[in-house]
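Visitor: One structure, as structure tokens, below. Some questions next.
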Amino acid sequence: MRLTRWSILLTTSSRSLYYIYIAECNDHSLYCGITNDPDRRLKEHNTGRRGAKYTRSRRPVLFVFLQPVCCKSCALKLEHKIKSLTRLKKLQLISSPSMINDLRPECLVTHQLSHEPSVLADMHGLREY
């Protein structure tokens, strides 16, 4: 098994979690999605045919926000709420991740990943704002 930076940050039990993410495309547009494997999903967006149609023509894609949530259902609900936000609100969420608590606090898993900029900036494919 290949160890990645994700593997170090995630515990074995957290691999069944889902993640809500916001990706910034090459044209500076934002794309919101969910995944249960952030490393794989980022690679799909940047190389594979399984990446979202929207991001295929806007590569490279970088994750600028990543938040673990308790289950797929919560991830889908949170994704819907984030997609309904304006671009300005999404940028505010990216620069201040604690704002996620206002959307669906019961879905969040806060002890798995740190939102410290140094940790996020060090992860593969994440860009600090």
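Only the coordinates and a few stated rules stand behind these numbers; no lab work does. Here the structure is a predicted model, which means the values were calculated and not measured. Please note: Cβ atoms are built from the backbone with ideal geometry, for glycine as well, and neighbour counts cover all protein chains shown.
Visitor: Within 11 Å, Cβ to Cβ, of C107, how many net charges do the neighbouring residues add up to if Lys/Arg are +1 and Asp/Glu are -1?
Guide: Spelling it out: positives minus negatives among the neighbours equals +2.
Visitor: Can you tell me the length gained on complete extension of the stretch S96 to K81, counting 0.36 nm per residue apart and subtracting the Cα distance?
Guide: 3.8 nm is the gain from fully extending S96 to K81.
Visitor: Going by C-beta contacts inside 10 Å, put D102, D39 in order with the fewest on the left.
Guide: Fewest-to-most Cβ neighbours within 10 Å comes out as D102, D39.
Visitor: Mind listing the long-range amide H neighbours of Y18? Cut-off is under 5 Å, sequence gap 5 or more, other chains count too, H placed in the peptide plane at 1.01 Å from N.
Guide: Answer set, sorted by chain and number: V69, C71.
Visitor: Rank these for me by crowding, R56, R104, R50, going from fewest to most other beta carbons within 10 Å.
Guide: Arranged by neighbour count, lowest to highest, R56, R104, R50 become R50, R56, R104.
Visitor: Tally Lys/Arg at +1 and Asp/Glu at -1 over every other residue whose Cβ is under 13 Å from the Cβ of L93; what's the total?
Guide: Result for the neighbourhood of L93: +3.
Visitor: Related question: With contacts defined as alpha carbon pairs under 8 Å and 6 or more residues apart, what's the relative contact order of the range 19-122 in percent?
Guide: 28
Visitor: For K90, which lysines qualify as cross-link partners when the Cα separation must be under 19 Å and same-chain residues fewer than eight apart are set aside?
Guide: Within the straight-line cut-off, K90 pairs with K77, K81.
Visitor: Next question, about the same structure. For each of R49, R59, R41, count neighbouring Cβ atoms within 10 Å of the residue's Cβ, then give the residues from fewest to most.
Guide: R49, R59, R41
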